[in-house]
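Worksheet for the structure shown next.
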Amino acid sequence: MSAHAPDFLYGTAWKEDRTPALTELALQTGFRGIDTANQRRHYFEAGVGQGLAAAYRAGVVTRADLFLQTKFTYQAGQDHRLPYDPAADLSTQVAQSMASSLEHLGTDHVDSYVLHGPSSGHGWTDDDVETWAAMVQERDAGRTRALGVSNVSLRHLEQMAATGAELPAFVQNRCFARLGWDRDVRTFCRERKIVYQGFSLLTANPEVFRHPLVAAIAARNRATLPPVVFRFAQLVGMLPLTGTSSAEHMKQDLASREVSLSDDEARAIESLVA
Ligand SMILES: NC(=O)c1ccc[n+]([C@@H]2O[C@H](COP(=O)([O-])OP(=O)(O)OC[C@H]3O[C@@H](n4cnc5c(N)ncnc54)[C@H](OP(=O)(O)O)[C@@H]3O)[C@@H](O)[C@H]2O)c1
């Protein structure tokens, strides 16, 4: 189901008017996975679609080369620019949000459709059960190949599993080194073959950038520190996201694939500040 997910995702949050050009640049630079959301407050999904269209026209990629991921966001996470009727029930909101995403992205299906966050920080609620069932219907109708959840705790995932619901193919979380890089959730995912997507790997972890081990690996590879963190993430089984707006950093982040890091070093980074 998630077999063709690439090893890096380009994140399109917070780019506003630069979204089309940066999306196109990311594709030109070599990214093949794009993450967005139908949440105008933080993402300009229609702008992502414009960037994709420009890349198709220029012959950089075709739709079939890409992994496109977007999200359904509850009203509490949105501003007034809603992609659905707030008076409609949640199942209808999911269907409307998906239809709007497909229009924005100029496609008849996405590769992954993610619940942006559960309705409560404390557990998997009846609203989440209804929303997830609607997302499963979207998948069954062929409008997404796979499903995901984001901003979840182990408790959310365990409660979700306890409802007997189909589990997601992807979990997307902010990844804090001081929490063992989200060790509990990653363990849950690994045991169930769920692909863990990590974001804020750089910004959430300033302490990692001060650590001599990371600096030594970077120096040995003649690399800067961010590619070392991304390579570490891939080696411990994560699918990392970067949202860089810099052409140079896009290249560096993709070049993290070439950073050499031993298994021992990866294990050491895993417990660096936990
Ligand atoms: N599910 C959710 O709720 C959620 C929440 C947040 C984010 N996301 C997704 O994850 C994506 C990434 O977000 P993020 O929170 O990880 O942060 P981000 O927006 O990717 O920010 C990363 C920061 O690191 C810098 N950076 C990246 N590569 C670098 C390099 N090689 N050298 C130096 N600096 C570098 C960037 O600066 P430059 O621009 O100068 O390179 C930027 O300041 C978002 O766009 C979005 O798609 C999802």
Open item on the list: Just want to confirm a number: the relative contact order over region 201-274, from Cα pairs under 8 angstrom separated by 6+ residues, in percent.
Closed with: 36 percent
Open item on the list: Distance between the C-alpha centers of region 144-169 and region 232-274? Whole Å please.
Closed with: 25 Å
Task: Taking the C-alpha atoms of the chain, convex hull volume expressed per residue in Å³ - done: 121 Å³
Task: Surrounding net charge for ILE269, when Lys and Arg each add one and Asp and Glu each subtract one, Cβ distance under 15 Å - done: +1
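Could you tell me what a quarter of the Cα convex hull surface of region 1-144 works out to, in nm² with one decimal place? Provide the component values of the computation, followed by the final result.
Numbers: hull surface 34.2 nm².
That works out to 8.5 nm², a quarter of the Cα hull's surface.
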- [ ] Could you estimate the translational diffusion coefficient of region 58-101 from the Stokes-Einstein equation, with Rh from the Kirkwood formula over C-alpha pairs, at 20 °C and 1.002 mPa s, in whole µm²/s?
- [x] 175 µm²/s
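What is the order of ASP85, ASP111, fewest Cβ neighbours within 10 Å to most?
Neighbour counts put them in this order, fewest first: ASP85, ASP111.
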TODO: Mind sorting HIS104, HIS80 by how few other Cβ atoms lie within 10 Å of their own Cβ, fewest first?
DONE: HIS80, HIS104
TODO: Take the alpha carbon atoms of region 168-248, find their radius of gyration, then divide it by 2.2 N^0.38 Å using N residues; give the quotient.
DONE: 1.12
Open item on the list: Suppose only helical runs count, i.e. DSSP H with n ≥ 4. What mean residue ellipticity at 222 nm does that imply for the chain under -39500 (n - 2.57) per run, divided by all residues and rounded to the nearest 500 deg cm²/dmol?
Closed with: -12000 deg cm²/dmol
- [ ] Counting other beta carbons within 10 Å of each Cβ, put LYS15, LYS193, LYS251, LYS71 in order, fewest first.
- [x] LYS193, LYS251, LYS15, LYS71
Task: Alpha-carbon centroids, region 8-30 and region 62-127: separation in whole Å - done: 20 Å
Open item on the list: Please report the net charge: other residues with Cβ closer than 13 Å to the Cβ of VAL214, K and R +1, D and E -1.
Closed with: 0
TODO: Report the relative contact order of region 76-167, percent, no decimals, based on alpha-carbon pairs under 8 angstrom and at least 6 residues apart.
DONE: 30 percent
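Bear in mind these aren't lab numbers, they're just calculated from the coordinates by the rules spelled out. Everything numeric here is computed off the predicted structure, so don't read it as measured data. Note that each Cβ is placed from the backbone with ideal geometry, even for glycine, and that neighbours are counted across all protein chains shown.
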